[in-house]
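**Student:** Pasting a structure here, questions to come.
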Amino acid sequence: MPDITIRGARLHYEETGAGPETILFIHGLMLPSESWEAQRDRFAQTRRVITYDLRGQGRSKHAKKGLGLDSLAEDAAALLRLLAPDGAHVVGFSMGAFIALRLGARHPALVRSLTLVGVSADAESWRKMPAYAAMIALVTLAGVRPVAPRMMQILFGRSVLADPARATLVARWRSVVDALPKSIVRAAAASALRRSVQGELAQIGVPVLVIAGEEDRPVPLHHQIAVATAIPGAEIEQVPATGHAVMLEQPEWFNTRLARFLSLKSAVGRS
């Protein structure tokens, strides 16, 4: 479980598996790189898998600067130049998907394909800013626990939260959210203040798969459809009875769909 210094910040990363291709998984806000455990275990059987904690989150340096999405995209590019200079298939969730969009548009030589979960290319709606400000203020004062129930509603869809058979799953990730440090507000503020990159989407020339939970609260379906529509040749898969964190809510389905996408795109690349 090594660390690496990227653009002046210490980032924690893990590398598992081996194979002719590399997959880079980029996590979202609130859930560190462990959120890709089911995907790491599946894809490390046939490919090299890299996961890492974003600057300011998880086991990486909890920096105060460089937390904007443009900066985090440059971190990802620098990481790939060091660990996978021939390029990688990039899979991003939520904030990680926002980063992956920027990476694909600005560093095409480092990206073989993009899989985007809970993605938006838009700036955050000004209507949501008061709620973000209130949540950030509360976490700064009292920590994450008072807002953890709301965070679970952001991560998981109504169907999963109401399903007794999923209670263990929800409890596991609730414990992760409860343990988040107050410093998570810095990353949250940086994400909330992101600018639109809709104008850059046409520059993405690699295969793209958008995966959208139909019960996604923080990133409504129309934002994700807009991304898929704006990128030439992009595919979109809508997942019923599923919220924001599709890879946690439907891990077997997600892994099967991702494997099919990667296998098809890899076959095309070899032809």
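**Student:** Note down the net charge around LEU103, summing +1 for each Lys or Arg and -1 for each Asp or Glu among other residues with Cβ under 13 Å from its Cβ. Numbers along the way, then the final one.
**Tutor:** Values: positive: ARG81, ARG102, ARG106, ARG112; negative: ASP70, GLU74, ASP75, GLU200.
Surrounding charge for LEU103 is 0.
**Student:** Separate question: Test of understanding: express the Cα radius of gyration of region 65-114 as a ratio to 2.2 N^0.38 Å, with N the residue count. Mind dumping the intermediate values first?
**Tutor:** Numbers: Rg = 9.8 Å, N = 50, 2.2 N^0.38 = 9.7 Å.
Scaled against compact globular proteins, the figure is 1.01.
**Student:** Can you tell me how region 103-216 classifies by the Cα gyration tensor, rounded, prolate or oblate, using a/c under 1.5 as the rounded cut? Write out the running numbers ahead of the final one.
**Tutor:** Numbers: a/c = 2.18, a/b = 1.42, b/c = 1.53.
Oblate shape, in that a/c is at least 1.5 and b/c is the bigger or equal ratio.
**Student:** A follow-up question, please. Among all stretches of the chain without exposed trypsin sites (Lys or Arg not before Pro) (DSSP loop, at most 15 other Cβ atoms within 10 Å), which one is longest? It would help to have the intermediate numbers written out before the result.
**Tutor:** Working: sites that count: ARG7, LYS64, LYS65, LYS182, ARG195.
That gives 66-181 as the longest site-free run.
**Student:** Quick one: compute the contact order of region 3-270, relative version, from alpha carbon pairs under 8 angstrom and 6+ residues apart, as a percent. Write out the running numbers ahead of the final one.
**Tutor:** Values: 513 pairs, mean separation 51.2, N = 268.
Worked out over region 3-270, it gives 19 percent.
**Student:** In deg cm²/dmol and to the nearest 500, what is the mean residue ellipticity at 222 nm of the chain if only DSSP H runs of at least 4 residues count, each as -39500 (n - 2.57), divided by the residue total? If you can, show how the numbers build up before the last one.
**Tutor:** Details: 11 runs with 115 residues, N = 271.
Result for the chain, helices only: -12500 deg cm²/dmol.
**Student:** Could you identify which residue out of VAL185, VAL111, VAL176 has the top mean-square fluctuation in a GNM of the chain using Cα springs shorter than 10 Å?
**Tutor:** Judging by the Gaussian network model, the answer is VAL176.
**Student:** Provide ILE236, ILE26, ILE6 in ascending order of the number of other Cβ atoms located within 10 Å of each residue's Cβ, fewest first. Let's see the in-between values first.
**Tutor:** Details: ILE236 18, ILE26 29, ILE6 22.
Fewest-to-most Cβ neighbours within 10 Å comes out as ILE236, ILE6, ILE26.
**Student:** Same structure, new question: When the gyration tensor of region 88-144 is built from Cα positions, what are the square roots of 5 times its three eigenvalues, in whole Å, from largest to smallest? Walk me through the numbers on the way to the answer.
**Tutor:** Values: eigenvalues 182, 32, 15 Å².
Equivalent-ellipsoid dimensions as semi-axes: 30, 13, 9 Å.
**Student:** Could I ask something else about it? For a footprinting-style exposure proxy, rank TYR52, TYR13, TYR132 by other Cβ within 10 Å, fewest first. Don't skip to the answer; put the middle values down first.
**Tutor:** Values: TYR52 28, TYR13 20, TYR132 17.
Exposure proxy ranking, most exposed first: TYR132, TYR13, TYR52.
**Student:** Right, here's the next one. What net charge is computed for the residues neighbouring ASN255, neighbours being all others with C-beta under 11 Å from the C-beta of ASN255, Lys and Arg scored +1, Asp and Glu -1? Write out the running numbers ahead of the final one.
**Tutor:** On the way: positive: ARG40, ARG42, ARG257, ARG260; negative: ASP41, GLU252.
Once positives and negatives cancel, what remains is +2.
**Student:** Over region 3-270, one equal point on each Cα, no solvent: what is log10 I(q)/I(0) by the Debye formula at q = 0.10 Å⁻¹?
**Tutor:** Treating every Cα as an identical point scatterer, log10 I(q)/I(0) equals -0.45.
**Student:** Moving on. Running a GNM on the chain with Cα contacts under 10 Å, which residue among VAL227, VAL90, VAL147 ends up with the highest mean-square fluctuation?
**Tutor:** Checking each option, the largest mean-square fluctuation is seen for VAL147.
**Student:** Positive end of the charge dipole of the chain (Lys, Arg +1 and Asp, Glu -1 on Cβ, about the Cα centre): tell me which of ILE99, GLY66, ALA162 has its Cα farthest that way.
**Tutor:** Towards the positive end, the residue furthest out is GLY66.
**Student:** Helices from the chain with mean Kyte-Doolittle at least -0.5 and a Cα length along the axis of 20 Å or more, per DSSP H: which?
**Tutor:** Counting only whole DSSP H runs, the qualifying helices are 69-83, 251-270.
**Student:** Ok, one more. Rank LEU114, ALA142, VAL177 by how far each Cα sits towards the positive end of the charge dipole of the chain (+1 on Lys, Arg Cβ; -1 on Asp, Glu Cβ) and give me just the farthest.
**Tutor:** With unit charges placed on the Cβ atoms, the residue in question is ALA142.
**Student:** Okay, moving on. Which ordering of PHE261, PHE156 is given by a fewest-first count of other beta-carbon atoms within 10 Å? Present the calculation step by step, with values, prior to reporting the outcome.
**Tutor:** On the way: PHE261 20, PHE156 27.
Neighbour counts put them in this order, fewest first: PHE261, PHE156.
**Student:** Let me ask something else. Can you compute the charge dipole magnitude of the chain about its Cα centre, using +1 on each Lys and Arg Cβ and -1 on each Asp and Glu Cβ, nothing else charged? Give it in debye, rounded to the nearest 20. Don't skip to the answer; put the middle values down first.
**Tutor:** Numbers: 32 positive and 24 negative charges, 132 e Å.
Using only the charged Cβ atoms, the result is roughly 640 debye.
**Student:** Any idea how far the Cα center of region 150-201 sits from the one of region 47-90, in Å?
**Tutor:** For region 150-201 versus region 47-90, the Cα centre distance is 19 Å.
Every read-out reported here was derived from the displayed coordinates using simple, explicitly stated rules and does not represent laboratory data. This is a predicted model, so every value here is computed, not measured. Cβ atoms come from the backbone with ideal geometry, glycine included; neighbour counts cover every protein chain shown.
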